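Q: Dumping the structure here so I can ask a few things about it.
Quick note: the coordinates plus some simple rules give every number you see, no bench work behind them. Everything numeric here is computed off the predicted structure, so don't read it as measured data. Quick reminder, even Gly has a Cβ in these numbers, built from the backbone with ideal geometry, and neighbours come from all protein chains shown.
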Amino acid sequence: MRSSLANVENNRQQILREMEEHRAALAGLESQLHAPVAPTWPPVGFYLTFYIVAGTMIGILGSVASFGLNVIGSLLVKQDPLYVLRVYGTIFLGEAALTTEDLNFFMLVAVVHFSVGACAGAVFHVFVNRFVPDRALLQIVLGGVYGLLMWVVNFYLIISWLQPLLVGRPFILELMPFWVAALTHVVYGLTLGLFQPLGRFVPYRPAVS
């Protein structure tokens, strides 16, 4: 009798130990389920976020290059170096932009100019690195074509009807010679193409000793 009771007690203790082991195993699995997933590095596939950020920066560089070309050209012909900002600013103030000395106005036009360049640069950078990566010469050519396309779209598909609607006349088309506008946009696009290698994602890998 005592032997059977002892066996029952031993079985009971064994079952309790197994239950505790199972509870511990379940707790461990639950902790793994709720633990934050460590990000993989380098990212798998096309690193879109990086190329958007890098393209934005390259787009700003392109805007600086095109703006600098206009400033240098204006100085060479003894014209107001900020003339291009005044012309672009006519979309906000109309003819008054050509004579204003308000610094806030110039800052507004510059911010808009560089913002458009940054956004367009991000689009171009993502496109070429997604479809024609590692083809530097083709990227430069595509940059020039992209700049010309921006000129046609901005000037003749947007500004041509938007500015008369806002201020009564298409001052930008009237005051900026078409070849100057085209050249400015080509320089912008070529700058995008030339700077593509600087915006390529190259993940860091520790040196193998």
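Q: Indicate the gyration tensor shape class of the chain (rounded, prolate or oblate), computed on the Cα atoms with a ≥ b ≥ c the square roots of the eigenvalues: a/c under 1.5 is rounded; otherwise a/b larger than b/c is prolate and the rest oblate. Each step should come with its number before you reach the end.
A: Details: a/c = 4.66, a/b = 3.08, b/c = 1.51.
Prolate, because a/c is 1.5 or more and a/b exceeds b/c.
Q: Something else now. Choose one of P81, N104, P177: the residue whose Cα lies farthest towards the positive end of the charge dipole of segment 48-199 (beta-carbon charges +1 Lys, Arg; -1 Asp, Glu; about the Cα centre).
A: Of the options given, the answer is P177.
Q: Still on this structure, I have one more. Can you tell me the orientation of helix 103-131 relative to the chain, as the angle in degrees between its alpha-carbon axis and the longest Cα principal axis, to the nearest 10?
A: 60 degrees
Q: Then there's this: L26 versus V64, label points 7 Å from Cα toward the beta carbon: distance in nm?
A: Roughly 6.2 nm, to one decimal.
Q: Relative to the longest principal Cα axis of the chain, at what angle does helix 2-34 sit, 0 to 90 degrees, rounded to 10?
A: With rounding to tens, the tilt is 0 degrees.
Q: When the label point is put 7 Å from the Cα of N104 along its Cα-to-beta-carbon vector, which residues of segment 163-180 have a backbone N closer than 18 Å?
A: No residues fall inside that zone.
Q: Would you calculate the separation in nanometres between label points at L149 and V180, each defined as 7 Å from the Cα along the Cα-to-beta-carbon direction?
A: Taking the two extended label points, one gets 2.7 nm.
Q: Classify segment 85-142 as rounded, prolate or oblate from the Cα gyration tensor: take a ≥ b ≥ c as the square roots of its eigenvalues, call it rounded if a/c is under 1.5, otherwise prolate when a/b beats b/c and oblate if not.
A: Numbers: a/c = 4.46, a/b = 3.50, b/c = 1.28.
It is prolate, given that a/c is not under 1.5 and a/b is the larger ratio.
Q: Rounded to the nearest 20 debye, what is the charge dipole size of the chain about its Cα centre when +1 sits on each Lys and Arg Cβ and -1 on each Asp and Glu Cβ?
A: On the way: 11 positive and 11 negative charges, 94 e Å.
Its charge dipole is roughly 460 debye.
Q: For every helix of n ≥ 4 consecutive DSSP H residues, a contribution of -39,500 (n - 2.57) applies; sum these over the chain, divide by its total residues, and give [θ] at 222 nm rounded to the nearest 500 deg cm²/dmol.
A: Only helices count here, giving -24000 deg cm²/dmol.
Q: Please list 3J(HN,Hα) in residue order for segment 52-64, calculated via the Karplus relation 6.51 cos²θ - 1.76 cosθ + 1.60 where θ = phi - 60°; whole Hz, with x for glycine and proline.
A: Calculated HN-Hα couplings, in order: 5, 5, 5, x, 4, 5, 5, x, 5, 4, x, 5, 5 Hz.
Q: If R0 is 25 Å, what FRET efficiency do you get for V123 and F46 from their C-beta distance, rounded to 0.05?
A: According to the calculation, E is roughly 0.95.
Q: Going by the alpha-carbon gyration tensor, a ≥ b ≥ c the square roots of its eigenvalues, is segment 126-173 rounded (a/c under 1.5) or, if a/c is not under 1.5, prolate (a/b greater than b/c) versus oblate?
A: It is prolate, given that a/c is not under 1.5 and a/b is the larger ratio.
Q: Tell me the label-point distance for the pair V141, L166, using the 7 Å Cα-to-Cβ offset, in nm and rounded to one decimal.
A: That separation, rounded to one decimal, is 3.6 nm.
Q: So which residue, out of G199, G45, G117, gets the largest mean-square fluctuation from a GNM of the chain using Cα contacts under 10 Å as springs?
A: Result: G45 has the largest fluctuation of those listed.
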